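**Q** Mind having a look at this structure? Questions to follow.
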């Protein structure tokens, strides 16, 4: 197990390098200059050069990447030479656009995205598990056919479109949900009334559903297939031959086995969901990583973009590791081999 | 009164292509302490017969008629609640593939205790003690340690022992074993058959053993039921079936078997393929493959008739008794004669 | 050491008649078990086949029996060069093919064909039967389209299928018919050797008899040589001229069919024979099987010296677990890898457990 973990971590490191290098390269291939934005109306040669120097863009790509990577390391070799503590906070750098620490930009946006993605995952499981199981138990029934319709729609409809439709129907026409906006779960920012768990929940209901529909559809189909497959397993017949009542057969012999693959899929899909969150956040105007990413791309704000990429990569890797461990914990075949 | 009395059992499956008559009018009975062997090739309906008795066919798309009287109660007509009390308690079942018949995510011990707790009013501790006792009885080495292992940590033979332990844990009156040794190697098969014999002597259960292996039937069964295309074509005490078979299909089965105790240059082969149960042949279902086929065979399905001179021996064939005796003797004599020279 | 003695014993015992089609010497196939974080280090190996020597004469059938995990299928795949052997030599038709390149193997491949256990899995479900059978012909560039078609229809007829079913798909046939297609495919290129890997294990008895009869007829008509692998001792006895018993990647016993079944020398062979149920209620019930304890050990870590010793009723401490027995010649080309071979057959359980004579002198 330890060996496996170490191997996973080494792979994660390779992946991390690849992703960040690719982001850098793409940025330098795009024929746009952040310095032009920095200078605004004042597009003089002098200003541009100053801006270049100031932003560090006058140095070669590999030097810039080296500096970026040095900031990420939790060791400060300069500090060591000057007699300070060698341990420091990894830093993602400073935004080109508004000179804020990228750390704090990401730190502010991450909870919003986390709320959306994890709440969304809970939502899609709440939708898909009961529907998937029921339609597996009654194949070809009305419910099953209805569920398959839902799957078809869920897979084909884009979240941006769903989001806009929801906003139009439930917020604009019938005022039962707010028109976007995010509310902090713990303490409301000064000067706003929007805050606390209830408001947080209320404001996120539509985004959650929008975000979850695609995955809910995929999961209904997967859970249905898994349950049908498990129902045909020999050990389910063994359980019935023992005289176990159907409720017990379902609980301890069908559902547990059928849900095993769902756990693995969940890990991968939550990672995938980080990408999907971009659309939902932009439709509902939620200040999460997705929206910040879009804004930073508009501004050619490399440090912020890179910061979000780094954060996203680390989050995905960490999440996959957790899921692997979880899977090993619930499946003895993996745990003991 | 027999322990289990099955009368005119029919199991039809509704499929997209039409109705598959998987079991079509099967009648037999079994007494306490006896062993009944059901032989036949795949698709002959032998497994479905037993699954029907246990009520284990999917309810949807299945039509079942007839009676299966277990201790004078009809298993087919009773409610699910009552049937569940009988399953695993009075009637237990062992399946063919030990690799897939145990749930991979539960410990062996828990799967055994589950069977106890479902039927007996005992504590978990007592149930576990009983599970251990049975694991030892079926010959699992170091049972105290292995009880907390998972199925994938056991070999095929050991898993089949666990299945037997699970089946016997509530002292059933009837044990149904569906091809219990087919998936096992020959030395493991010998272990398992030995074990089943020993346990039958000890617990006195009746056993129905389903198999395609005539050797296994010859050595374990008291009575034999030969099935072909969803029907019983011959039944009787094991000695009579093997010494005086009275149905060409049984001859074919016996003759197509290469065997250690006889030398045959060429096997008697049954030509053609088993028929489709969607559209079974008219008359005697064996007629398209039968070398003795007559006109009457194509028209009317022969009923099971008693074989003159034998007790409890029935065969379904239009051939006259003389021919049947002559051909059967020829078949068996051929074997024995060649065995001497070989 | 033991291996070379084996080879020597085989050498002595095997009458060299000069018409051996296939000679296998000390064949080994080890599958590595690796460990390591970045660099994979071999820490052990599964010795699936570990020093197997035998020969097959032209026109004969060599039966190979053994329980699951004894390495019989791996051995067959090595002989066919579908797997690369770890060691040893394979001489086919007088030519050493052990190290031949893919290109050099190609003309030899049409001389040795294989029939597999699962007739469905080994036929491509999307291809028509005619195509499946013709494929080998086309690979080996034999004949024009019309000739190919005629040849395929001829082959279908030879194996007892309707030649008009040329255009059907595998799923339209039953299990036995599919196995006939497998046989037709193997026959297409006029091979000299056919390796049959459990060809009838998945079939019902009546269909099994059809295929066994077919294989025998084809051998008679075309002078084929078979290596016939099965776990069913009855089937192997029926079809073979000589029989080789394998246990944990090694040969336990090798003899002609009559001798092996009438006078087995190796206790494992004895246990196998006694375990086979006899389809006769009288004789069958008299039979007292020698019940072996436990399961076949893992080939990853096989027992020391004689690999059968932990399960052997005749096991002698300090001998069987210390000194590996060679394949002792028992006369007439009969070889048995045991220090305490069975004196006669059948034996009572008592006699089985108590070897009467001293060990075979080495």
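The values are calculated or read from the model by the stated rules, or taken from the named source; none is laboratory data. Remember, it's a predicted structure, so these values are computed and weren't measured experimentally. Note that we place each Cβ from the backbone using ideal geometry, even for glycine, and neighbour counts take in every protein chain shown.
**Q** Looking at the range B:194-211, which of the residues that are under 21 Å from residue B:97 (Cβ atoms) and at pLDDT below 90 is surrounded by the most Cβ atoms within 10 Å (Cβ to Cβ)?
**A** By that ranking, first place goes to B:196.
**Q** Follow-up question, since we're still on this one. Select from the range B:256-284 the residues that are surrounded by 21 or more Cβ atoms within 10 Å (Cβ to Cβ) and within 21 Å of the chain's Cα centre (by Cα) and write down the one among them that is farthest from the other protein chains (Cβ to nearest Cβ).
**A** So the residue we want is B:277.
**Q** Determine, yes or no, whether residue B:304 is within 14 Å of another protein chain (Cβ to nearest Cβ), within 21 Å of the chain's Cα centre (by Cα), surrounded by 15 or more Cβ atoms within 10 Å (Cβ to Cβ) and under 29 Å from residue B:47 (Cα atoms).
**A** no
**Q** Are there helices (runs of 4 or more DSSP H) fully within the range C:94-186 with at least 3 residues that are in contact (Cβ under 8 Å) with a residue 40 or more places away in the chain and buried (at least 19 other Cβ atoms within 10 Å of the Cβ)? List them.
**A** Once the helices (runs of 4 or more DSSP H) in the range C:94-186 are filtered for at least 3 residues that are in contact (Cβ under 8 Å) with a residue 40 or more places away in the chain and buried (at least 19 other Cβ atoms within 10 Å of the Cβ), what remains is C:129-139.
**Q** For the condition under 23 Å from residue B:285 (Cβ atoms), over 14 Å from the mean Cα position of the chain (by Cα) and at pLDDT below 90, what is the one hit in B:24, B:17?
**A** Unique residue meeting the criteria: B:17.
**Q** Of everything in the range B:185-201, what is more than 9 Å from every other protein chain (Cβ to nearest Cβ) and in contact (Cβ under 8 Å) with a residue 40 or more places away in the chain? Give them in sequence order.
**A** The answer is B:195, B:199, B:200.
**Q** Can you name every residue in the range A:226-245 that is at the interface with another protein chain (Cβ under 8 Å from one of its Cβ atoms) and over 15 Å from residue B:105 (Cβ atoms)?
**A** Of everything in the range A:226-245, those that are at the interface with another protein chain (Cβ under 8 Å from one of its Cβ atoms) and over 15 Å from residue B:105 (Cβ atoms) turn out to be A:237, A:240, A:241, A:242, A:243, A:244, A:245.
**Q** Given the criteria more than 9 Å from chain B (Cβ to nearest Cβ) and in contact with a helix residue (DSSP H, G or I) (Cβ under 6 Å, 6 or more places away or on another chain), does residue C:264 qualify?
**A** Here the answer is yes, as residue C:264 does meet what is asked.
**Q** Could I ask something else about it? Quick one: which helices (runs of 4 or more DSSP H) sit completely within the range B:78-176 and have at least 1 residues that are under 22 Å from residue B:189 (Cα atoms)?
**A** B:108-119, B:124-137, B:143-146, B:156-168
**Q** Could you please give the count of residues in the range C:217-233 that are within 30 Å of residue B:46 (Cβ to Cβ) and either assigned to a helix (DSSP H, G or I) or more than 9 Å from every other protein chain (Cβ to nearest Cβ) (or both)?
**A** 4
Residues checked against (1) in contact (Cβ under 8 Å) with a residue 24 or more places away in the chain; (2) over 22 Å from residue A:234 (Cα atoms):
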| site | (1), (2) |
| --- | --- |
| B:15 | yes, no |
| B:19 | yes, yes |
| B:24 | yes, yes |
| B:37 | yes, yes |
| B:44 | yes, no |
| B:47 | yes, no |
| B:79 | no, yes |
| B:94 | yes, no |
| B:99 | yes, no |
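**Q** Let me ask you something else. So which residues in the range C:190-216 are within 22 Å of residue C:19 (Cβ to Cβ) and more than 9 Å from chain B (Cβ to nearest Cβ)?
**A** Within the range C:190-216, C:190, C:191, C:192, C:193, C:194, C:195, C:196, C:215 qualify.
**Q** Something else now. For the range A:55-90, name all the residues that are modelled with pLDDT of 70 or more and at positive phi.
**A** The answer is A:56, and nothing else.
**Q** Here is a list: C:262, C:287. Which entry is in contact (Cβ under 8 Å) with a residue 40 or more places away in the chain and on the phi < 0 side of the Ramachandran plot?
**A** That would be C:262, the only listed residue that is in contact (Cβ under 8 Å) with a residue 40 or more places away in the chain and on the phi < 0 side of the Ramachandran plot.
**Q** So, one more: Which is at pLDDT 95 or above and either within 14 Å of another protein chain (Cβ to nearest Cβ) or on the phi > 0 side of the Ramachandran plot (or both), of B:43, B:37?
**A** None of the other options fit; the residue is B:37.
**Q** Kindly indicate which of C:331, C:318 is assigned to a loop (DSSP other than H, G, I, E, B) and under 24 Å from the mean Cα position of the chain (by Cα).
**A** C:331
**Q** On to the next question. Inspect all residues belonging to the range B:236-245 and state whether any of them is without any contact (Cβ under 8 Å) to a residue 12 or more places away in the chain, surrounded by fewer than 22 Cβ atoms within 10 Å (Cβ to Cβ) and over 27 Å from residue C:159 (Cα atoms).
**A** yes
**Q** So which residues in the range C:216-232 are in contact with a strand residue (DSSP E or B) (Cβ under 7 Å, 6 or more places away or on another chain) and farther than 18 Å from residue C:75 by Cβ?
**A** Result: C:219, C:224.
**Q** Please verify whether residue B:224 is in contact (Cβ under 8 Å) with a residue 60 or more places away in the chain, in contact with a helix residue (DSSP H, G or I) (Cβ under 9 Å, 6 or more places away or on another chain), in a strand (DSSP E or B) and facing another protein chain (nearest Cβ under 10 Å), treating the condition exactly as stated.
**A** yes
**Q** Being more than 14 Å from chain C (Cβ to nearest Cβ) and under 26 Å from residue C:202 (Cα atoms): is that true of residue B:163 here?
**A** Judged against the criteria, residue B:163 is a match.
**Q** For the range B:59-96, how many residues meet the condition of being touching a strand residue (DSSP E or B) at 6+ places or on another chain (Cβ under 9 Å), over 27 Å from residue A:138 (Cα atoms) and more than 8 Å from chain A (Cβ to nearest Cβ)?
**A** Going through the range B:59-96 one residue at a time, the tally reaches 12.
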